[in-house]
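Each remark here refers to the structure printed beneath this line.
The values are calculated or read from the model by the stated rules, or taken from the named source; none is laboratory data. Bear in mind the structure is a predicted one, so any value in this text is a computation, not a measurement. Glycine gets a Cβ as well: all are built from the backbone with ideal geometry, and neighbour counts include every protein chain shown. Each accessible area value is taken on the protein alone, full model and side chains, heavy atoms only, with ligands, DNA and RNA left out. Shrake-Rupley method; radii C 1.70, N 1.55, O 1.52, S 1.80 Å.
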Amino acid sequence: AVPCRRALLLCNGMRYKLLQEGDIQVCVIRHPRTFLSKILTSKFLRRWEPHHLTLADNSLASATPTGYMENSVSYSAIEDVQLLSWENAPKYCLQLTVPGGTVLLQAANSYLRDQWFHSLQWKKKIYKYKKVLSNPSRWEVVLKEIRTLVDMALTSPLQDDSINQAPLEIVSKLLSENTNLTTQEHENIIVAIAPLLENNHPPPDLCEFFCKHCRERPRSMVVIEVFTPVVQRILKHNMDFGKCPRLRLFTQEYILALNELNAGMEVVKKFIQSMHGPTGHCPHPRVLPNLVAVCLAAIYSCYEEFINSRDNSPSLKEIRNGCQQPCDRKPTLPLRLLHPSPDLVSQEATLSEARLKSVVVASSEIHVEVEHTSTVKPALTASAGNDSEPNLIDCLMVSPACSTMSIELGPQADRTLGCYVEILKLLSDYDDWRPSLASLLQPIPFPKEALAHEKFTKELKYVIQRFAEDPRQEVHSCLLSVRAGKDGWFQLYSPGGVACDDDGELFASMVHILMGSCYKTKKFLLSLAENKLGPCMLLALRGNQTMVEILCLMLEYNIIDNNDTQLQIISTLESTGVGKRMYEQLCDRQRELKELQRKGGPTRLTLPSKSTDADLARLLSSGSFGNLENLSLAFTNVTSACAEHLIKLPSLKQLNLWSTQFGDAGLRLLSEHLTMLQVLNLCETPVTDAGLLALSSMKSLCSLNMNSTKLSADTYEDLKAKLPNLKEVDVRYTEA
């Protein structure tokens, strides 16, 4: 800190940018040896030449090597650089003292003269330090030179990134060429260059040196006092670890060094708190993505040896099929794979329950054991014959020969895994970070070995629970897959998934939060009916209210076509008190629905202004509305909640929602059920692109009013392309 304060005191004057090249007048004066040469070098006979000079790493050279600058001037040949102080000297000149004479440089003004002066001094000194430190003799002298070099960089009036980077690169090269330094010499050098690291990233070789120090001396005070501000700056300002991976590796080793202290994770927790800041919102947007990138890389490194030996480890298909298929193995690899006999496998397929088997894959640090305890199912057995590589979650689902798969890491890898999974937990506790964290983890950016590791998935469950408890749609929607055809955390932690270690409590909470927001749709219910009907019925049988509601909605929306399955669901509902009560309410609603949809009643209906959702529900329960084709709710107080009543009107073709509080969630529900709607007025409603995009499934729409909504131009173009019958559109007072 002391050199930094000194730098501020000494650099309050003019600041200059380091020159690399420029135009200047040059005159060379040779030392007079005779009376004639003295006359020729007098100021009256002096000749000036214009040159475009380049300040290279080793010398001062001209772009047109003629005249005075026919040969470049080496920095080692320059004895001194001074501002010209002769009596009656030319304006804006500086002199370079060289053997046998003087080189005069004349600039256009005093600022340029001073810029040339400081740039030449800097280039000359850096050249000198490169030469001195390239052949170190005594390290106490080297350390003194490094301190002088750092002070020179801090007090220089030049403002340029290279001013601080050049000394760091010199020290970095010095350390890379001298690997036999003692620990004390390591620390002395780190402390000496610390002031330069406050505003600059360390170069790659220096990062390698710092990583080594963190690994060998994690309890050194240098780690806390010097490395902490450096890592904080990296996390706050680094834009891409892909371009500078050693910065990420240094950050990773620094956090592991913190974890080795006596307080362990408490120190790491305080570091994360310092990165977030005391307020409810972190002011540095790059901190979270950088921390997540470090965590992902560290977790990957825990399984790296196993991943590198993947050619000799069970493939995804073999994991699913219990590693029963013979495969070509290279005998030179350290891993060994013990296969059960094919005859024995064929005998086991006839049994109701497979006997306990084991497949062992062992390396120097990783021990994988697969136990086979599940029942053989014909459907899954048939799928095993498919030669195509299955997707990730399919490989890790309960299979006929693979019930559990446990991976045991070495002590160091286990500590690393525990540390970085704990950091992910800490990150998920911050409300402002949780949406971005959920988005970053949505694609499941972990290797398959990690997902097959029971300890990892058990520890990560806390993070998934935090996502499932968050009421914000942008958070809990990330539990689902990132795109169609790819499984997400919802599938991984649902019953039957490899990560599910409970009786479905987390699965029930995920379903509850998804159903409670905008996922109360046929599509979501259909996916549950196709893939998770068994777990839903089991949890409903145990009295889980969310699952009871799910089963009732499946019956209400006619999701289940098979009569036997419908009867089984009804029996499940009637087996518990809450299920029986909700099924009776469903039957009452169905009777009311039949009465509502019975032919008769008005064809047009307008609700009075200021009417509410409850008023609409009361009106529709009062008689038959099977003939209702035109409904106007304009200037009422209805919200998206009324969509549940609107979707029950079978003949509805025109709907007016002008100046209501009807939003995106209601539009999604309408788009799934009222596919025959022809006219829709959404003028002055709070709908956004998220809800308007759902209208693309309403192919019968002829007239659509989106006046004064949050419609964007892109969404408007998308709707026009997907709604072929659309003839009348009002998009006034929108971006479109």
Review point. If you keep only loop residues by DSSP, which GluC sites (Glu not before Pro) in region 249-294 have at most 11 other Cβ atoms within 10 Å of their Cβ?
Key: none
Practice item. Give me the percent of Cα-Cα pairs in region 538-687 that sit more than 27 Å apart, rounded to a whole number. Key: 32
Practice item. Could you tell me what fraction of 2.2 N^0.38 Å the Cα radius of gyration of region 526-599 comes to, as a two-decimal ratio? Key: 1.09
Check your understanding: Out of region 142-196, which trypsin sites (Lys or Arg not before Pro) are coil in DSSP terms and have no more than 15 other C-beta atoms within 10 Å?
Key -> none
Review point. Using modelled backbone amide H atoms (1.01 Å from N, in-plane), which distant-in-sequence or interchain residues come within less than 5 Å of Val28's amide H?
Key: Leu104
Check your understanding: For the residue pair Glu584 and Tyr111, what label-to-label distance in nm results when each label sits 7 Å from Cα along the Cα-to-beta-carbon direction?
Key -> 8.9
Study note, to complete from the structure: Share of accessible surface on carbon and sulfur in region 526-599, whole %, 1.4 Å probe and ligands ignored, is 45
Exercise for review: Report the convex hull volume per residue for region 604-730, counting only C-alpha atoms, in Å³.
Suggested key: 84
Check your understanding: So between Val132 and Lys610, what do we pick up on full extension, going 0.36 nm a residue minus the alpha carbon distance?
Key -> 163.5 nm
Check your understanding: When only Cα pairs under 8 Å and 6 or more residues apart are kept, what is the percent relative contact order across region 456-533?
Key -> 25
Point to revise | Value of relative contact order over region 138-275, rounded to a whole percent, pairs C-alpha under 8 Å and six or more apart | key: 23
Check your understanding: Under a straight-distance cross-link criterion of Cα-Cα below 22 Å, which lysines are reachable from Lys130, leaving out those fewer than 8 residues away in the same chain?
Key -> Lys17, Lys144, Lys173
Point to revise | More than 17 angstrom apart: percent of Cα pairs within region 138-275 | key: 59
**Study point:** Proximal lysines to Lys486, defined as alpha-carbon separation beneath 23 angstrom and excluding residues fewer than eight positions away on the same chain
**Key:** Lys317, Lys448, Lys458, Lys461, Lys520, Lys522, Lys523, Lys532
**Study point:** Label point distance in nm, Ile570-Asp501, each placed 7 Å from Cα along Cα→Cβ
**Key:** 4.2
